[in-house]
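Q: What follows is a structure written as structure tokens; I'll ask about it next.
We did not get these values from a lab; they are worked out from the coordinates using the rules stated. Being a predicted model, the structure only gives us computed values, none of them experimental. As a convention, Cβ positions derive from the backbone with ideal geometry for all residues, glycine included, and neighbour counts pool all protein chains shown.
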Amino acid sequence: MPTTHTPTHRTHDDAPDTTKAFQRLRALPNGPERDALRDELVRAWLPMAQRLAGKYRNRGEDTDDLRQVAALGLVKAIDRYEAARGAFEAFAIPTIKGEIQRHFRDHAWAMHVPRRVQELRNRVRIARHELQTQQAGEPTLQQLAVQCGLSEDDVHDGLEALQSYSTLSLDAELQAGPDDDGRSLGDTLSAPDTGFALVDAREAVKPALKALPERESRILYLRFFEDKTQHAIAEELGVSQMHVSRLITRTCTRIREQALHEPGRQAAA
């Protein structure tokens with residue numbers, strides 16, 4: 001009866017036999033000869049790394065960037081590989097995939113998301129895809145929780161993270177309704193309200209204004225509330241315009257210093 005041979009691991013066209021090359025690499029001391037052999041191993045296994053990178057295309061990252069990350073993972077695998085760990089391919093594949101997944105986790109998100117939430121997102125994404133292939137329509141929160149083995153709160157966090165992977169441009173056109181034609185997302189954002197700063201400034205100077213002598217208070221009122229010139233104020237009070245100018249400058253400086261040194265405001269200033 002003929003016997004059949006079952007391979008111990010899956011082989012690919014891009015998985016060359018480099019056993020002897022790795023044995024030589026480990027025996028060589030650091031130097032040009034070892035570096036040249038290491039480069040040969042990288043070139044020999046690079047097609048496999050690029051194949052693995054291709055499995056992650058269409059996920060929002062540039063293909064060339066993914067290939068570079070996979071090549072980095074390949075170099076790390078070559079440097080860390082030991083023959084006692086088995087076939088190089090079995091060691092290199094998880095190393096390269098781990099490098100690619102780390103790239104997605106650390107660099108591909110449009111905003112910072114905690115690692116725990118990223119893991120929830122991946123579990124929810126897989127469960128969502130599985131349920132969509134089994135039934136029509138969007139799965140419910142409860143169905144996703146059962147499929148993932150998570151609480152509904154965790155599933156909710158995972159769904160929120162699905163929307164955090166990429167962001168919309170502020171120039172993106174809104175199409176929520178007939179009245180939104182031509183409007184962009186940026187048009188819906190509010191502008192800074194300077195009125196809050198004005199209210200804060202008024203409250204800050206109130207105590208100092210109330211403590212002013214009558215003449216100085218009168219001069220400030222005429223200048224800033226009735227919008228009179230310094231010349232007109234000087235004639236009304238019977239003093240020189242230079243004296244009015246000095247009083248306004250001195251009084252405003254004192255009020256500003258008192259407001260800035262009020263407890264709780266010095267640090268903000």
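Q: Could you tell me which trypsin sites (Lys or Arg not before Pro) in the stretch 34-104 are loop residues by DSSP with no more than 12 other beta carbons within 10 angstrom of their beta carbon?
A: Listed in order of number, the matching sites are Lys55, Arg57, Arg59.
Q: Ok, one more. Might you report the magnitude of the Cβ-based charge dipole of the stretch 216-263 about its Cα centre, with Lys and Arg at +1 and Asp and Glu at -1, to the nearest 20 debye?
A: Roughly 140 debye for the stretch 216-263.
Q: Moving on. Tell me, in nm to one decimal, what length is gained between Ala201 and Arg102 on full extension, where the rule is 0.36 nm per residue of separation less the Cα-Cα distance?
A: The span from Ala201 to Arg102 would gain 30.7 nm if fully extended.
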